[in-house]
1. Can you pull the three principal axis extents for the Cα set of the range 284-414, in Å, largest first?
2. For Cα pairs less than 8 Å apart in space and 6+ apart in sequence, what is the mean separation divided by the residue count of the range 119-290, i.e. the relative contact order in percent?
3. Over the Cα atoms of the range 119-290, what radius of gyration and what Dmax do you get, in Å?
4. Per residue Cα convex hull volume for the range 301-370, in cubic angstrom?
5. Give me the extension gain from Q376 to N360: residue separation times 0.36 nm, minus the current Cα-Cα distance, reported in nm with one decimal.
6. Hey, which of these cross-link pairs are over 26 Å Cα-Cα: K150/K244; K212/K405; K122/K264?
7. Once phi is turned into θ = phi - 60°, what whole-Hz ³J(HN,Hα) does the Karplus curve with 6.51, -1.76 and 1.60 give for every residue of the range 345-357, x standing for Gly and Pro?
8. If the chain between V300 and T344 were fully stretched, how many nm would it gain, using 0.36 nm times the residue separation less the Cα-Cα distance?
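Since every read-out is calculated from the coordinates, none of them should be taken as a lab result. The structure displayed is predicted, hence computed values, not measured ones. When we count neighbours, we look across all protein chains shown, and the Cβ atoms used for this are built from the backbone with ideal geometry, even at glycine.
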Amino acid sequence: MRIRFFFVVLLSGILTAGVVPTAARAWLPDRYRLDEGLRLSSSLVLAQSGTEPEEPAAGDPPPGATLDSSHRIDAAPRSSPPVGEGTSGTSLLEVTTTDPLEAMEETLDFDVPIVRTPKIDKHVLFFTFHIRDHFELWLQRFERHRPMIKQVFAEFNLPADLIFLSLVESGFSTNAVSRAKAVGPWQFIKPTAKMYGLRVDNWIDERRDPVKSTLAAAQYLRDLYHVFGSWPLAMAAYNAGERKVGRALVRARADDFWDLTDTKLLKRETREYVPRFLAATLIAKDPSRYGFMLSPQPPVEYEEAVLTRPIHLRMAAKAAGVTYQELKALNPELRRDLTPPDPTYRLKVPVGSKDLLLSNLVSYPDWKRVQATRYQVRRGETLHHIATRHHTPLSAILEANALDKSSKLRPGEWLLIPQPAKVKS
């Protein structure tokens, strides 16, 4: 009995501290013990706070309980004030001592309404132990873009903590692609991306552009909040789509996200989405508390050089006096190592290299440039017609524009028509 009590006290202390010591790694991978430990820890803390735990529904995991039931915030009424005009961040009461017999409450300010549940604790453990190296990389990558994201979300009057949503979306990776073909840091599918003004074609995929995709995400989240009047519901809709969340609310006769977590009306991924976001936010707001010792990361900075002709990125890098890798990292929206055949294109270059790039390009002879002309597609034209008109092999046009024979052309679309290269004299 004493051994069992000691084990419960020790486990409760570990979980309420939010930090997983090295000695615990031997048993954490066992999912059954992890779930059981969270249940015991929650029960012990509730007993100390004088709150009785609720009975779990049949077939469902034990529902999360807050240390203070007054901090559960239901969906806001439809007459709620616009985003950013409400009260300041909601407080989260949390046990933070490693000794459960001397538990202390600490108030953390959150800008998104929060309910502390065992599900959140499980995600905290998952981030801090099972994928610790990956999550640390996500945090470091996120920090480089954090000033930009924070500024954009502030301009749209969004809660500041929503910036951490990109951590659970992609770890703010511009190369991220989901099973549903969602792309980029904010994981937009193609129809939604175009709805919010992002360009997606054979040359450019602005879903990968950190700034433009962040602007689109801010607009989308704002619109979802105006539809549902609740940030947890807005985030769930960002993950699953507004129609699915709306149908689930109607069928469950509910107006709160947390009421949907006990049903099968939403996929498990969506039911876990908000708890996963809250866990990531807990860590990102105070990484050192969870053992993440992050080194300062310089923010991403760049200049934009306006180009009027297509150019290979390797040639542009040489002209700007920077590496190809630097230029490629600053322009992840480019689908090829070639700027598009637009009348003008803004190429991002490292700070201090724009003038050198432009001056070198002016002095470059034609044979160093991309040997192609721009052509705007007219209504009714096909690739075969264009190749015949310009006396250019169809295969060359396909290769230059990343197309295949089944590609459909749209009126107004720009193509590169390769020309015979000039011989250096």
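1. 65, 38, 21 Å, listed from the longest principal axis down.
2. Numbers: 203 pairs, mean separation 38.4, N = 172.
Once divided by the residue count of the range 119-290, the mean separation gives 22 percent.
3. Calculated on Cα positions, Rg and Dmax stand at 15.7, 46 Å.
4. Per residue, the Cα convex hull of the range 301-370 comes to 76 Å³.
5. The Q376-N360 span can extend by a further 2.9 nm.
6. Numbers: K150/K244 29 Å; K212/K405 31 Å; K122/K264 20 Å.
Pairs exceeding 26 Å: K150/K244; K212/K405.
7. Whole-Hz 3J(HN,Hα) from phi for the range 345-357: 9, 8, 8, 7, 9, x, 4, x, 10, 5, 4, 5, 4.
8. 13.5 nm
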